[in-house]
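What follows is a set of notes on a single structure, which appears directly below.
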Ligand code: ATP
């Protein structure tokens with residue numbers, strides 16, 4: 001296989017050689033007896049020139065008939081030309097898989113709505129601005145995997161279907177599992193905990209499901225969670241450091257390998273943060289937000305509050321991140337580790353450019369206390385069968401966190417909607433394609 005950018009545009013040695021180029025026709029133009037196609041693949045575009053007296057009649061007619069966005073394979077000779085990219089292909093043979101001339105969306109001029117584009121994602125992905133998003137997203141996941149592998153973590157793959165509904169609550173999808181009821185996981189939490197009790201340092205990149213009925217620009221019903229879990233920690237400090245170092249590594253890789261996609265998107269690559277990220281407690285954060293006149297309901301941070309904390313961190317620490325630590329047990333799951341004699345937990349959220357991208361903390365590993373915390377959350381310990389029982393057998397102190405891959409991609413690329421960076425988003429209204 002050859003790709004336009006790597007094999008034709010940048011390689012002078014291909015001049016006068018025969019190549020096979022595959023892609024889609026994105027422009028057709030004729031000048032007298034000459035017809036031009038511009039062919040785009042996922043790396044770049046190149047001109048194909050059909051001159052009436054240079055190519056057989058049949059080939060010329062095929063070129064004329066071909067509709068925009070038809071898939072084409074072109075075999076031909078590369079030569080220099082006065083055109084964008086400096087080269088063109090003189091075809092010997094073409095194979096056209098035609099596109100219907102009436103297109104449901106317009107991926108070339110970006111005039112379609114996001115909803116229409118998502119319905120026709122395969123067409124939408126031919127827009128270089130769209131494919132660039134998914135190349136960056138892939139680099140983020142790859143760098144995450146590289147970083148934690150380099151730190152001795154074991155990659156795990158845990159089930160998405162289970163009898164346990166991890167966090168409890170209403171946001172869980174029920175599925176029929178033969179003659180039983182099962183749930184789609186809200187996170188790999190319970191299984192990564194079981195895994196860490198033997199493997200000590202684990203990570204997983206996988207799906208998480210939330211039956212959240214509301215439609216927002218930052219929530220999906222299925223998202224990709226990048227999780228870690230580490231045994232033998234005494235407080236949350238190592239978890240903060242793993243997160244900061246992973247983010248530094250990921251941002252470094254994006255700067256190293258992603259520049260061409262950031263250019264296509266007209267977005268600056270993210271600044272690699274040097275210093276430790278600023279950190280404030282949940283209590284301080286709530287006070288800070290209230291003092292700025294932002295309405296607070298319950299114990300969660302409202303989105304407007306997240307934004308003022310971002311402004312504060314940027315202005316005072318020149319940092320786009322801020323940690324919020326020590327959350328109340330009331331808004332954390334049953335497995336959160338409380339401070340001694342306190343209803344505050346050893347936990348943290350990380351905000352990036354004013355949006356929560358990471359949640360985690362130290363976990364309760366003492367069987368009796370874990371069981372009591374389930375009861376405190378009105379959960380029935382007997383529903384947690386072998387998960388809970390595992391804590392009877394020398395469970396190590398441990399903790400971890402999860403970064404939403406969709407969320408961090410959205411923030412890095414300043415996208416207005418999380419669906420832009422999710423190939424086939426699932427939300428309350430969308431189960432197709
Ligand atoms: P939020 O408060 O924003 O609804 P959450 O507190 O429910 O999120 P967690 O359960 O802590 O989120 O999940 C860990 C991470 O997974 C979050 O920091 C976020 O990056 C991501 N995440 C959570 N829920 C969603 C969702 N519905 N869609 C996309 N990403 C999500």
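The values are calculated or read from the model by the stated rules, or taken from the named source; none is laboratory data. Please read these numbers as outputs of a predicted model, since none were measured by experiment. Here the Cβ is made from the backbone with ideal geometry for all residues, glycine too, and neighbour counts use every protein chain on show.
Brief remarks follow.
- Of residues in region 379-402 being in contact (Cβ under 8 Å) with a residue 40 or more places away in the chain and under 24 Å from residue 170 (Cβ atoms), the one surrounded by the fewest Cβ atoms within 10 Å (Cβ to Cβ): 385
- All positions within region 260-310 that are more than 26 Å from residue 245 (Cβ to Cβ), in contact with a helix residue (DSSP H, G or I) (Cβ under 9 Å, 6 or more places away or on another chain) and outside any helix (DSSP H, G or I): 266, 292, 294, 295, 296, 298, 299, 300, 302
- Residue 391 satisfies every condition listed in (1) more than 11 Å from the ligand (Cβ to nearest atom); (2) under 22 Å from the mean Cα position of the chain (by Cα) except (2).
- When each of 60, 134 is tested for being surrounded by 16 or more Cβ atoms within 10 Å (Cβ to Cβ) and in contact with a helix residue (DSSP H, G or I) (Cβ under 9 Å, 6 or more places away or on another chain), the lone residue that passes is 134.
- Residues being away from the ligand (no atom under 14 Å from the Cβ) and either at positive phi or out of contact with any helix residue (DSSP H, G or I) (no Cβ under 9 Å at 6 or more places or on another chain) (or both) - total across region 400-428: 1
- Subset of region 40-65 [free of Cβ contacts under 8 Å to residues at least 40 places away in the same chain and either outside any loop (DSSP other than H, G, I, E, B) or within 30 Å of residue 134 (Cα to Cα) (or both)]: 41, 51, 57, 58, 59, 60, 61, 62, 63, 64, 65
- Output for region 200-235, where each listed residue is assigned to a loop (DSSP other than H, G, I, E, B), within 10 Å of the ligand (Cβ to nearest atom) and in contact with a strand residue (DSSP E or B) (Cβ under 8 Å, 6 or more places away or on another chain): 210, 218, 219, 220, 221
- Residue list for region 360-377, filter: surrounded by fewer than 19 Cβ atoms within 10 Å (Cβ to Cβ) and either within 13 Å of the ligand (Cβ to nearest atom) or without any contact (Cβ under 8 Å) to a residue 40 or more places away in the chain (or both): 366, 367, 368, 369, 371, 372, 375
- Of all the listed residues (199, 194), the sole one being within 30 Å of residue 378 (Cα to Cα) and surrounded by fewer than 22 Cβ atoms within 10 Å (Cβ to Cβ) is 194.
- Selection over region 234-253 of residues that are surrounded by 20 or more Cβ atoms within 10 Å (Cβ to Cβ) and in contact with a helix residue (DSSP H, G or I) (Cβ under 9 Å, 6 or more places away or on another chain) gives a count of 4.
- Search result, residues across region 176-199 that are within 12 Å of the ligand (Cβ to nearest atom) and within 15 Å of residue 360 (Cα to Cα): 186, 187, 188, 189
- Verdict on residue 431 being away from the ligand (no atom under 14 Å from the Cβ), under 20 Å from residue 207 (Cβ atoms) and modelled with pLDDT of 95 or more: yes
- Some residue of region 417-430 being surrounded by 17 or more Cβ atoms within 10 Å (Cβ to Cβ), within 30 Å of residue 233 (Cβ to Cβ) and in contact with a strand residue (DSSP E or B) (Cβ under 6 Å, 6 or more places away or on another chain): no
- Any hit, region 144-165, residues being surrounded by 18 or more Cβ atoms within 10 Å (Cβ to Cβ), within 16 Å of the ligand (Cβ to nearest atom), touching a residue at least 12 places away in the same chain (Cβ under 8 Å) and more than 27 Å from residue 412 (Cβ to Cβ): yes
- For region 330-357, a residue qualifies if it is away from the ligand (no atom under 13 Å from the Cβ), over 19 Å from residue 287 (Cβ atoms) and in contact with a strand residue (DSSP E or B) (Cβ under 8 Å, 6 or more places away or on another chain), and the qualifying residues are 337, 338, 346.
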